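What follows is a single structure, written as structure tokens, with notes after it.
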Amino acid sequence: MPSEFVRIGTHGHDWGNLSQDWRQPTENLNEQFVEEDQLRSEIFKPLVDRNDSRAGIFAIYENGTYHAVCQLNAAPLPGYTAPVMRMRHLTFSPHIDLSDEPIDTYVTALVNTFFEVVSLCKAEGSMKAQFLNFHLPSPSDRHLFTVAGNRFLAHNLFKSVEPKGAWLYIKF
């Protein structure tokens, strides 16, 4: 079954399901589950509760497990001519973050998140955006996404890709 990009707080993907999904594997790894640390609940939970059509918490969901969770918002920003999607606080599930899973598991979750965020930017609706500011979770990811971005540019899939610090700025 392929992964889905789901909005937490909709269609059976509520905060309690996400929290419970990450609690059990954390405890199975003999770690203490702290919602504030692992799920950034002080940031994520208010967005889920607010249910704003232009901001929310989204997750890569596959085989009954949430693999990665991030904050997304689409809004007009100073210096831009159209709405900007910002992806921040990308957080990985305990089986990626705390265990000895192969690096492929991390890369798959990261690439799936990137693909789904780009797709959401291009889809009709309140999250549609002509710009994407994607916060990279690791400095080593900058090289990967710069190379990938240059390939997208070469095939006219993006108008520009510019890394700045821990951010990747994309124009569609």
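A few comments on the model shown:
- Members of segment 9-44 found to be assigned to a helix (DSSP H, G or I) and basic (Lys, Arg), listed by number: 23
- Members of segment 126-138 found to be without any contact (Cβ under 8 Å) to a residue 60 or more places away in the chain and more than 13 Å from residue 110 (Cα to Cα), listed by number: 128, 129, 130, 131, 132, 133
- Flag for residue 78 being buried (at least 17 other Cβ atoms within 10 Å of the Cβ) and farther than 23 Å from residue 143 by Cα: no
- Of all residues in segment 45-99, those satisfying the criterion of being among the hydroxyl-bearing types (Ser, Thr, Tyr) and assigned to a loop (DSSP other than H, G, I, E, B) are 53, 80, 81, 93, 99.
- On the stretch given as segment 1-56, residues that are among the aromatic types (Phe, Trp, Tyr) and either more than 19 Å from residue 71 (Cβ to Cβ) or in contact with a Cys (Cβ under 6 Å, 6 or more places away or on another chain) (or both) total 1.
- Filtered residues of segment 48-98 (kept if of a type in the set (D, E, K, R) and touching a residue at least 24 places away in the same chain (Cβ under 8 Å)): 49, 54, 62, 86, 88, 97
- Residue identified as assigned to a helix (DSSP H, G or I) and surrounded by 13 or more Cβ atoms within 10 Å (Cβ to Cβ) among 147, 161, 117: 117
No value in this document is a laboratory result; all are computed from the given coordinates. Every value quoted in this text rests on a predicted model; they were computed, and no experiment measured them. All Cβ positions, even for glycine, are placed from backbone atoms using ideal geometry, and neighbour counts span all protein chains on display.
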